[in-house]
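K.L.:
Attaching a single structure in C-alpha cells format; questions to follow.
Bear in mind these aren't lab numbers, they're just calculated from the coordinates by the rules spelled out. Remember, it's a predicted structure, so these values are computed and weren't measured experimentally. Please note: Cβ atoms are built from the backbone with ideal geometry, for glycine as well, and neighbour counts cover all protein chains shown.
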Amino acid sequence: MSRRRSQPKDLAQSRKTCPVSLTIYGCYRSRATRTIWLANELGLPFKHVPVVQIYRLPDPNAPDAPLHTGSPDFLEVNPNGRIPAISDDGFHLHESLAINFYLARKHGGPLAPANAQEEGLAVMWSLWAATECETHALNLQYHLAAYPPEKRKPELVTAALAALAAPFAVLDKTLAQGGGFVMGGRFTVADINVAEVIRYAKPGTQLFEAAPHVKAWLAACHERPAFQAMWQAREAEPA
C-alpha cells in the first residue's frame with residue numbers, strides 16, 4: 001500500500017499565508033472532525049467556533065452555558081441545530097459531507113475529484129459510508145468503548161459486527177484494487193469522509209483482522225500530519 005502523502009511542515013504556518021474567511025462551527029467530539037481534518041490537509045486558515053451539542057449540557061439555559069446547538073446565534077448559521085456548519089465569506093453551509101465536497105471543490109487540487117467520474121465515485125463512497133456503515137460503526141464505538149459497562153448492549157454489538165462484515169469486505173477489495181485508496185489512486189476527500197466513519201468501528205477489532213487492507217488504510221490515514229493535528233486538538237477538548 002502506498003504511504004505517499006502530503007506532509008505540511010507546519011500546519012499553523014501554512015495557514016498564515018492567506019486571510020481567514022472560513023469559520024467552522026462545532027466541537028471536536030462530533031462530525032466536525034471531518035471538516036477540520038480536511039481544512040488541515042488543505043492548509044486552510046480557519047476560525048474555529050466551539051459549539052457543543054445541547055444534549056451534553058445539564059442546563060442549556062444557564063447563564064454560563066456555552067454556545068450550543070440550540071443557541072439562537074448558532075441557529076442563524078444552521079437552523080437545524082446540528083454540527084458541523086461553516087460560514088465562508090458569509091456563505092453558510094451545513095452537513096459534514098456537503099461541507100467537505102464544497103471545500104474540496106473550491107480548494108482541493110489533488111484532494112478533489114479530477115472529473116465527473118471521480119466526483120461520482122467520491123460521492124458514492126461517502127454516501128455508502130454514511131448509509132451502510134455509520135449507524136453500525138457508532139454502535140460498536142458506544143457499546144464496546146464509550147458507554148459505561150452498565151449501559152452497553154451486547155446484542156447491538158453482535159448485530160453491528162454482522163451488519164458490517166460485508167461492507168468491510170467490499171471496502172477491503174476496493175482498497176486492494178485501488179492502490180490503497182478509496183478512489184482515484186491517491187488520497188482524496190473521499191478517504192477522509194469514509195475514514196471518519198470507519199474510525200468509529202475500531203473497537204470491533206475482528207472486522208479489521210478480516211479486512212487487512214482496511215486496517216492498513218485506516219492506519220495510514222491516521223498517520224497523516226493533518227489528522228494528527230486534528231486529533232491532538234480533539235484529545236485536548238473536554239469530553
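K.L.:
For a label point 7 angstrom out from the Cα of residue 123 toward its Cβ, which stretches of region 181-221 have the backbone nitrogen within less than 15 Å?
P.N.:
Under cut-off, by backbone N: 190.
K.L.:
Over region 100-239, what per residue volume does the convex hull of the Cα atoms give, in whole Å³?
P.N.:
Working: hull volume 15.8 nm³, N = 140.
Spelled out: Cα convex hull of region 100-239, divided by residues, is 113 Å³.
K.L.:
When each pair of different Cα atoms in region 74-162 is counted once in the 1/r mean, what is the Kirkwood radius in angstroms, to one decimal?
P.N.:
Values: mean 1/r = 0.0639 Å⁻¹.
Value: 15.7 Å, from the Cα pair sum.
K.L.:
Same structure, new question: With N set to the residue count of the chain, report its C-alpha Rg divided by 2.2 N^0.38 Å to two decimal places.
P.N.:
Details: Rg = 18.1 Å, N = 239, 2.2 N^0.38 = 17.6 Å.
Compactness ratio reported: 1.02.
K.L.:
Among 35, 158, 69, which one shows the highest mean-square fluctuation when the chain is modelled as a Gaussian network with alpha-carbon springs under 10 Å?
P.N.:
158
K.L.:
Normalised radius of gyration for region 11-110, please: alpha carbon Rg relative to 2.2 N^0.38 Å, two decimal places.
P.N.:
Details: Rg = 13.9 Å, N = 100, 2.2 N^0.38 = 12.7 Å.
Normalised by 2.2 N^0.38 Å, the Cα Rg of region 11-110 equals 1.10.
K.L.:
Looking only at 192, 54, 99, which one moves most when the chain is put into a Gaussian network model with springs between Cα atoms under 10 Å?
P.N.:
Result: 54 has the largest fluctuation of those listed.
K.L.:
Let's see if you can work this out: charge +1 on each Lys and Arg Cβ, -1 on each Asp and Glu Cβ, no other charges. What is the dipole magnitude of region 112-226 about its Cα centre, in debye to the nearest 20?
P.N.:
Details: 9 positive and 11 negative charges, 52 e Å.
Dipole magnitude for region 112-226 comes out near 240 debye.
K.L.:
Oh, and also: Would you mind working out the magnitude of the charge dipole of region 11-110 relative to its Cα centre, with +1 at each Lys and Arg C-beta and -1 at each Asp and Glu C-beta, to the nearest 20 Debye?
P.N.:
Values: 10 positive and 8 negative charges, 82 e Å.
Roughly 400 debye for region 11-110.
K.L.:
Would you look at the GNM of the chain, springs on alpha carbons closer than 10 Å, and say which of 116, 219, 129 moves the most?
P.N.:
116
K.L.:
Calculate the length of the line joining the C-alpha centroid of region 103-117 to that of region 201-233, in whole Å.
P.N.:
First find each Cα centre; the distance between them is then 23 Å.
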